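The values are calculated or read from the model by the stated rules, or taken from the named source; none is laboratory data. Values in this document were obtained by computation on a predicted structure and should not be read as measured data. Here the Cβ positions follow ideal geometry from the backbone for every residue, glycine too, while neighbour counts run over all protein chains shown.
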Amino acid sequence: MIKAMKLKRKSYKIYNDKVENILPTLKTNSIDLIVADPPFNLKKQYDGYKDNMKKKDYLIWVEEWIYQGFRLLKPSGSFWIYCPTNLLGAFQLIGSKYGIWQNTIVWKYANPISNRKRFPKTWSAWLFFSKTEDFNFYYEFFETIDSLHSHRKHYEKPIYDVWEDIPKLVGGYLAQYEVVLKGGKNYERMFVYQLPVVLLKRIVGVCTKENDVVLDLFAHSGACSVASKIMNRRSIIVEQSLLYCDEIKRRLQRYDRAFF
Ligand SMILES: C[S@@+](CC[C@H](N)C(=O)[O-])C[C@H]1O[C@@H](n2cnc3c(N)ncnc32)[C@H](O)[C@@H]1O
C-alpha cells in the first residue's frame with residue numbers, strides 16, 4: 001500500500017505504469033485533487049500506447065479509473081477531467097455517477113483546430129467534480145492568478161467558467177519557453193498534448209493548499225506536477241511511457257534544485 005505521507009522530502013512520486021494497475025493499490029480517502037487528461041481514443045500517437053480501443057471498451061475503461069479516482073479522494077477533494085467536446089456528455093455522465101458535478105470549464109483557445117465538414121473547434125472542456133458537497137475551493141486564489149500574467153486586478157476581471165486568457169502551447173519557431181522540444185532543426189515538440197503550466201496552476205490553486213496531495217493521471221509532460229511543485233503541493237504521477245516519465249523527472253528536478 002502506497003502512503004501519500006511518504007512523499008514528504010521529495011514531494012513527488014512517479015509511477016511508470018498504467019493507471020488501472022496503480023489506482024487500486026492506493027489508499028482510500030488520501031488524495032486532495034485528481035487531474036486527468038486521458039487519451040481520447042482518437043488513434044493518436046503516444047510512446048508505447050495505441051490509442052484505439054473499441055468504443056464500448058473505452059468507456060468501460062474510463063469508468064474504471066473514474067470510479068477508482070473518487071474512492072481515493074478525501075471527502076473534501078476534487079476531480080478535474082480534461083475532455084474534448086465529443087466526449088463531454090459521456091464523461092459528465094460517468095463522473096456524476098460517483099461524484100458531484102460542479103463546473104464545466106470552457107477552455108477557449110485563439111488558434112482553432114480545423115475540421116473537414118465541421119465547424120473548426122475553438123474550445124475543449126474541463127469537468128470539475130467534487131466528492132462531497134463539503135469540498136475545498138479557495139476562491140481568493142484568483143487574485144494571485146491575475147498577478148501572474150495580467151496587470152488587471154481581481155475585482156476588475158473575475159474568472160468565470162470560460163477561460164480565454166490562456167493560449168495553447170505550440171511547437172515550431174513560435175514555441176513558448178516551457179514547451180519541451182525534441183531537439184533538432186524543426187523545433188518539434190516532445191509532447192504533442194503538453195498543457196500550459198499556468199492553466200494547471202489555476203486548478204491546483206483553487207482546489208488545494210500547500211502540502212496537499214495532487215494525483216496527476218496520464219501525466220504526459222507532467223504539467224500538473226510541475227504546477228504542483230511550483231506551488232509546494234505534493235504529487236503522485238502516473239504515466240505508462242518510460243520516455244515521458246524520464247522527461248517529467250527532469251522537469252521536476254529543475255525545481256528540486258531551485259527549492260532545496
Ligand atoms: C493526452 S496525454 C496527456 C497530456 C497531459 N495532461 C499534459 O499536460 O501534457 C495522455 C497520456 O496518457 C498516457 N497513457 C495512455 N494510457 C495510459 C494508461 N493506461 N495509464 C497511464 N498512462 C497512460 C499516454 O502515454 C499519454 O502520455
- Message: Give all pairs with beta carbons closer than 6 Å in which a residue from segment 229-255 that is over 22 Å from VAL198 (Cβ atoms) meets a residue that is part of a helix (DSSP H, G or I); count only pairs at least 6 apart in sequence or on separate chains.
- Response: VAL238/VAL19; VAL238/ILE22
- Query: Pick from segment 227-247 the residues that are near the ligand (Cβ under 9 Å from one of its atoms) and either touching a Lys or Arg at 6+ places or on another chain (Cβ under 9 Å) or part of a strand (DSSP E or B) (or both): which of them is nearest to TYR160 (Cα to Cα)?
  - Reply: VAL238
- Considering (1) surrounded by fewer than 24 Cβ atoms within 10 Å (Cβ to Cβ); (2) out of contact with any Leu (no Cβ under 8 Å at 6 or more places or on another chain); (3) not small (Gly, Ala, Ser), say which one ASP212 fails and leave the rest. (2)
- Note on the structure: From the option list LEU33, LEU7, single residue qualifying as modelled with pLDDT under 95, under 27 Å from ILE230 (Cα atoms), more than 11 Å from the ligand (Cβ to nearest atom) and surrounded by 14 or more Cβ atoms within 10 Å (Cβ to Cβ) is LEU7
- Message: Being more than 9 Å from the ligand (Cβ to nearest atom) and either surrounded by 14 or more Cβ atoms within 10 Å (Cβ to Cβ) or over 24 Å from SER225 (Cβ atoms) (or both) is the filter here; which residues of segment 43-54 pass it?
- Response: LYS43, LYS50, ASN52, MET53, LYS54
- Item | Unique residue being small (Gly, Ala, Ser) and modelled with pLDDT under 90 when the list is ALA227, ALA219, ALA258 | ALA258
- Query: Has segment 155-162 got at least one residue that is at pLDDT below 85 and closer than 25 Å to LYS121 by Cβ?
  - Reply: yes
- Message: When you check ARG254 against the structure, is it touching a helix residue (DSSP H, G or I) at 6+ places or on another chain (Cβ under 7 Å), in a helix (DSSP H, G or I) and either within 11 Å of the ligand (Cβ to nearest atom) or basic (Lys, Arg) (or both), yes or no?
- Response: no
- Query: So is SER96 surrounded by 16 or more Cβ atoms within 10 Å (Cβ to Cβ) and within 25 Å of ILE159 (Cα to Cα) or not?
  - Reply: no
- Within the set of pairs 6+ apart or on separate chains, which have a first residue in segment 177-198 that is assigned to a strand (DSSP E or B), a second that is more than 11 Å from the ligand (Cβ to nearest atom) and among the charged types (D, E, K, R), and C-beta atoms under 9 Å apart? LEU181/GLU188; ARG189/LYS182
- Might you let me know whether segment 195-209 holds any residue that is out of contact with any Phe, Trp or Tyr (no Cβ under 6 Å at 6 or more places or on another chain), under 22 Å from TYR49 (Cβ atoms) and more than 10 Å from the ligand (Cβ to nearest atom)? no
- List, please: which pairs have Cβ atoms under 7 Å, are six or more places apart or on different chains, and start with a residue in segment 10-27 that is under 18 Å from SER225 (Cα atoms) and β-branched (Val, Ile, Thr) and end with one that is in a loop (DSSP other than H, G, I, E, B) and at pLDDT 95 or above? VAL19/PHE218
